[in-house]
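Below: one structure, written as C-alpha coordinates.
The values are calculated or read from the model by the stated rules, or taken from the named source; none is laboratory data. Because the structure is a prediction, the values reported are computed rather than measured. With ideal geometry, Cβ positions are generated from the backbone for all residues, glycine too; neighbour counts draw on all protein chains shown. To get the accessible areas, we keep the full protein, side chains included, count just its heavy atoms, and leave off ligands, DNA and RNA. Shrake-Rupley method; radii C 1.70, N 1.55, O 1.52, S 1.80 Å.
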Amino acid sequence: MSVQNLDFAQPFFQVAYVEGEAEYRAEGRCLVFNLAERSQVPLYIRGIPVLPLKGTVVENVTVEHIGRALIVRDYDSLCLDDPQVARQIKQTWKSLYACSGMERHKGIPYYKSPKVRIGGDTEINFCFVSEPMAPSGPHRDHDRDFDEVHAQIRGFGKMQKFEENDVSTFYQESFLAPGIVHEKFYDSQGRYPWHQYHSITPCIYMPIEIDR
(Lines give C-alpha, C1' and ligand atoms only; values in the text may rest on other atoms or scores of the structure.)
Protein backbone atom coordinates (compact mmCIF):
# COMPACT_ATOMS: atom_id res chain seq x y z
CA MET A 1 0.00 0.00 0.00
CA SER A 2 1.59 3.25 -1.07
CA VAL A 3 1.26 6.73 -2.49
CA GLN A 4 4.33 7.84 -4.45
CA ASN A 5 4.77 11.40 -5.64
CA LEU A 6 6.51 11.39 -9.03
CA ASP A 7 8.73 14.23 -10.24
CA PHE A 8 9.13 13.34 -13.94
CA ALA A 9 6.65 16.03 -15.08
CA GLN A 10 7.61 18.80 -12.68
CA PRO A 11 7.46 21.76 -12.54
CA PHE A 12 4.48 21.58 -14.88
CA PHE A 13 2.39 18.81 -13.30
CA GLN A 14 1.98 17.14 -9.91
CA VAL A 15 1.61 13.40 -10.46
CA ALA A 16 1.08 10.62 -7.90
CA TYR A 17 1.20 6.85 -8.33
CA VAL A 18 -1.19 5.07 -5.95
CA GLU A 19 -1.07 1.32 -5.33
CA GLY A 20 -3.10 -0.91 -3.03
CA GLU A 21 -5.05 1.84 -1.30
CA ALA A 22 -8.65 1.58 -0.13
CA GLU A 23 -9.14 5.33 -0.62
CA TYR A 24 -7.39 8.33 -2.09
CA ARG A 25 -8.76 11.85 -1.85
CA ALA A 26 -8.42 13.69 -5.17
CA GLU A 27 -8.39 17.35 -4.17
CA GLY A 28 -9.02 19.97 -6.83
CA ARG A 29 -9.53 19.02 -10.46
CA CYS A 30 -7.61 15.84 -11.28
CA LEU A 31 -7.16 13.17 -13.91
CA VAL A 32 -7.41 9.59 -12.66
CA PHE A 33 -6.09 6.66 -14.73
CA ASN A 34 -6.62 3.05 -13.72
CA LEU A 35 -3.37 1.14 -14.39
CA ALA A 36 -4.45 -2.21 -12.91
CA GLU A 37 -4.21 -3.98 -16.27
CA ARG A 38 -2.52 -7.13 -14.89
CA SER A 39 -5.08 -7.74 -12.13
CA GLN A 40 -8.05 -6.31 -14.05
CA VAL A 41 -9.24 -4.59 -10.86
CA PRO A 42 -11.62 -1.63 -11.38
CA LEU A 43 -11.40 1.40 -9.13
CA TYR A 44 -14.53 3.22 -8.03
CA ILE A 45 -15.76 6.79 -7.85
CA ARG A 46 -18.96 7.09 -5.82
CA GLY A 47 -19.75 3.45 -6.58
CA ILE A 48 -19.19 3.66 -10.34
CA PRO A 49 -16.27 1.62 -11.76
CA VAL A 50 -13.41 2.94 -13.85
CA LEU A 51 -12.01 -0.07 -15.70
CA PRO A 52 -8.31 -0.85 -16.22
CA LEU A 53 -6.59 1.31 -18.85
CA LYS A 54 -9.40 3.85 -18.67
CA GLY A 55 -9.38 7.34 -17.20
CA THR A 56 -11.64 10.13 -16.05
CA VAL A 57 -11.74 13.74 -14.82
CA VAL A 58 -12.70 14.23 -11.16
CA GLU A 59 -12.91 17.09 -8.70
CA ASN A 60 -12.82 16.96 -4.89
CA VAL A 61 -13.83 13.32 -4.64
CA THR A 62 -12.62 10.12 -2.97
CA VAL A 63 -11.29 7.44 -5.32
CA GLU A 64 -11.90 3.98 -3.86
CA HIS A 65 -10.60 0.41 -4.17
CA ILE A 66 -7.40 1.33 -5.95
CA GLY A 67 -5.28 -1.50 -7.30
CA ARG A 68 -2.95 0.75 -9.30
CA ALA A 69 -3.73 4.30 -10.39
CA LEU A 70 -2.09 7.47 -11.63
CA ILE A 71 -3.39 10.81 -10.38
CA VAL A 72 -2.55 14.07 -12.20
CA ARG A 73 -3.45 16.91 -9.83
CA ASP A 74 -4.77 20.27 -11.07
CA TYR A 75 -4.08 19.07 -14.61
CA ASP A 76 -5.85 22.02 -16.28
CA SER A 77 -3.93 24.79 -14.51
CA LEU A 78 -1.23 24.83 -17.22
CA CYS A 79 -2.07 27.03 -20.22
CA LEU A 80 -0.47 25.61 -23.36
CA ASP A 81 -1.56 28.68 -25.36
CA ASP A 82 0.82 30.84 -23.33
CA PRO A 83 4.04 31.22 -25.42
CA GLN A 84 6.11 31.47 -22.24
CA VAL A 85 4.75 28.13 -20.98
CA ALA A 86 5.43 26.46 -24.33
CA ARG A 87 8.95 27.86 -24.37
CA GLN A 88 9.63 26.64 -20.84
CA ILE A 89 8.46 23.10 -21.66
CA LYS A 90 10.68 23.00 -24.76
CA GLN A 91 13.65 24.15 -22.69
CA THR A 92 12.97 21.54 -19.98
CA TRP A 93 12.01 18.44 -21.99
CA LYS A 94 13.99 16.92 -24.87
CA SER A 95 12.76 16.91 -28.45
CA LEU A 96 11.54 13.55 -29.70
CA TYR A 97 14.37 13.53 -32.23
CA ALA A 98 16.96 14.12 -29.48
CA CYS A 99 15.49 11.18 -27.56
CA SER A 100 15.25 8.71 -30.43
CA GLY A 101 17.75 9.85 -33.05
CA MET A 102 15.30 8.53 -35.64
CA GLU A 103 15.14 10.39 -38.94
CA ARG A 104 11.32 10.35 -38.97
CA HIS A 105 11.31 12.40 -35.76
CA LYS A 106 13.56 15.15 -37.12
CA GLY A 107 11.86 18.53 -37.17
CA ILE A 108 8.52 17.48 -35.67
CA PRO A 109 7.28 19.58 -32.70
CA TYR A 110 7.22 16.80 -30.10
CA TYR A 111 8.98 17.08 -26.71
CA LYS A 112 9.27 14.33 -24.11
CA SER A 113 9.56 14.47 -20.34
CA PRO A 114 11.85 11.97 -18.63
CA LYS A 115 10.43 8.45 -18.46
CA VAL A 116 9.64 6.83 -15.12
CA ARG A 117 9.00 3.17 -14.22
CA ILE A 118 6.12 2.42 -11.86
CA GLY A 119 4.72 -0.77 -10.39
CA GLY A 120 7.68 -2.79 -11.63
CA ASP A 121 6.30 -3.32 -15.14
CA THR A 122 5.02 0.00 -16.53
CA GLU A 123 6.81 3.03 -17.98
CA ILE A 124 5.20 6.43 -18.53
CA ASN A 125 6.18 9.90 -19.62
CA PHE A 126 4.45 13.02 -20.90
CA CYS A 127 4.79 14.25 -24.48
CA PHE A 128 4.15 17.88 -25.46
CA VAL A 129 3.11 18.66 -29.03
CA SER A 130 3.62 22.38 -29.46
CA GLU A 131 1.68 22.81 -32.71
CA PRO A 132 -1.83 21.91 -33.84
CA MET A 133 -2.42 19.29 -36.54
CA ALA A 134 1.07 17.81 -36.16
CA PRO A 135 1.48 14.07 -36.88
CA SER A 136 4.16 11.94 -35.22
CA GLY A 137 4.63 9.77 -38.32
CA PRO A 138 3.37 6.21 -38.94
CA HIS A 139 5.16 3.36 -37.17
CA ARG A 140 4.37 -0.12 -35.88
CA ASP A 141 7.58 -1.20 -34.12
CA HIS A 142 8.92 0.04 -30.78
CA ASP A 143 12.30 0.07 -29.09
CA ARG A 144 11.33 -2.77 -26.76
CA ASP A 145 8.54 -5.33 -26.33
CA PHE A 146 5.59 -3.70 -24.58
CA ASP A 147 1.85 -3.17 -24.79
CA GLU A 148 1.11 0.52 -25.34
CA VAL A 149 -1.86 2.84 -25.11
CA HIS A 150 -1.98 6.64 -24.93
CA ALA A 151 -3.83 8.85 -22.46
CA GLN A 152 -4.65 12.50 -23.07
CA ILE A 153 -3.53 15.03 -20.43
CA ARG A 154 -4.13 18.48 -21.98
CA GLY A 155 -5.60 19.69 -25.26
CA PHE A 156 -6.96 17.39 -27.95
CA GLY A 157 -5.42 14.78 -30.22
CA LYS A 158 -6.15 11.56 -32.06
CA MET A 159 -4.63 8.17 -32.72
CA GLN A 160 -4.72 6.96 -36.33
CA LYS A 161 -4.29 3.58 -38.02
CA PHE A 162 -2.99 2.83 -41.51
CA GLU A 163 -2.86 -0.23 -43.75
CA GLU A 164 0.76 0.55 -44.71
CA ASN A 165 3.52 3.02 -43.91
CA ASP A 166 1.65 5.63 -45.93
CA VAL A 167 -0.89 8.13 -44.59
CA SER A 168 -2.99 7.68 -47.73
CA THR A 169 -3.85 4.18 -46.42
CA PHE A 170 -5.62 5.61 -43.32
CA TYR A 171 -8.59 3.54 -42.16
CA GLN A 172 -9.43 4.41 -38.50
CA GLU A 173 -8.90 7.02 -35.81
CA SER A 174 -9.76 7.57 -32.15
CA PHE A 175 -10.19 11.05 -30.71
CA LEU A 176 -8.59 11.98 -27.38
CA ALA A 177 -9.59 14.59 -24.80
CA PRO A 178 -8.25 14.98 -21.24
CA GLY A 179 -8.83 11.79 -19.25
CA ILE A 180 -9.43 9.61 -22.31
CA VAL A 181 -7.38 6.49 -23.07
CA HIS A 182 -7.84 5.01 -26.53
CA GLU A 183 -8.66 1.34 -27.11
CA LYS A 184 -5.85 -1.19 -27.44
CA PHE A 185 -4.21 -1.28 -30.87
CA TYR A 186 -2.10 -4.40 -30.25
CA ASP A 187 -3.29 -8.00 -30.68
CA SER A 188 -2.68 -11.02 -28.39
CA GLN A 189 0.82 -11.47 -29.86
CA GLY A 190 1.71 -7.82 -29.30
CA ARG A 191 1.55 -6.89 -32.98
CA TYR A 192 0.54 -3.36 -33.97
CA PRO A 193 -0.87 -1.90 -37.17
CA TRP A 194 0.85 1.12 -38.67
CA HIS A 195 -0.26 3.94 -36.39
CA GLN A 196 0.56 7.45 -35.22
CA TYR A 197 -0.40 10.16 -32.75
CA HIS A 198 -1.73 13.34 -34.36
CA SER A 199 -2.34 16.57 -32.44
CA ILE A 200 -5.51 18.60 -32.99
CA THR A 201 -4.49 21.46 -30.70
CA PRO A 202 -1.24 22.09 -28.85
CA CYS A 203 -1.46 19.27 -26.33
CA ILE A 204 0.14 16.85 -23.91
CA TYR A 205 -0.43 13.11 -23.95
CA MET A 206 0.97 10.18 -21.97
CA PRO A 207 2.21 6.92 -23.50
CA ILE A 208 1.61 3.98 -21.15
CA GLU A 209 4.05 1.13 -21.85
CA ILE A 210 3.39 -2.19 -20.10
CA ASP A 211 5.97 -4.98 -20.22
CA ARG A 212 4.77 -8.06 -22.07
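In table form, for the structure just shown:
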read-out	value
Any pair with Cβ under 6 angstrom, 6 or more apart, that starts in the stretch 149-170 at a residue that is touching a residue at least 40 places away in the same chain (Cβ under 8 Å) and ends at one that is surrounded by fewer than 20 Cβ atoms within 10 Å (Cβ to Cβ) and polar (S, T, N, Q)	Gly155/Thr201; Phe156/Thr201
Residue selected from the stretch 175-209 under the condition among the β-branched types (Val, Ile, Thr) and crowded, with 18+ Cβ neighbours inside 10 Å, by the criterion nearest to Leu53 (Cα to Cα)	Val181
Number of positions in the stretch 90-99 that are surrounded by fewer than 18 Cβ atoms within 10 Å (Cβ to Cβ) and touching a residue at least 40 places away in the same chain (Cβ under 8 Å)	2
Subset tally (residues that are within 12 Å of Gly20 (Cα to Cα), more than 19 Å from the chain's Cα centre (by Cα) and either of a type in the set (Gly, Ala, Ser) or part of a strand (DSSP E or B) (or both)) for the stretch 34-48	1
Any chance Ile180 is hydrophobic (A, V, I, L, M, F, W, C), touching a strand residue (DSSP E or B) at 6+ places or on another chain (Cβ under 8 Å) and within 26 Å of Gly119 (Cβ to Cβ)	yes
Index of the failed condition, Tyr97 passing every other in (1) within 25 Å of Phe185 (Cβ to Cβ); (2) part of a strand (DSSP E or B)	(2)
Identity of the residue in the stretch 101-148, without any contact (Cβ under 8 Å) to a residue 12 or more places away in the chain and not in a loop (DSSP other than H, G, I, E, B), that ends up surrounded by the most Cβ atoms within 10 Å (Cβ to Cβ)	Arg117
Residues (within 15 Å of Ala151 (Cα to Cα) and either of a type in the set (Val, Ile, Thr) or open to solvent by less than 30 Å² (accessible area, probe 1.4 Å) (or both)) located in the stretch 40-79	Val50, Pro52, Leu53, Gly55, Thr56, Val57, Ala69, Leu70, Ile71, Val72, Tyr75
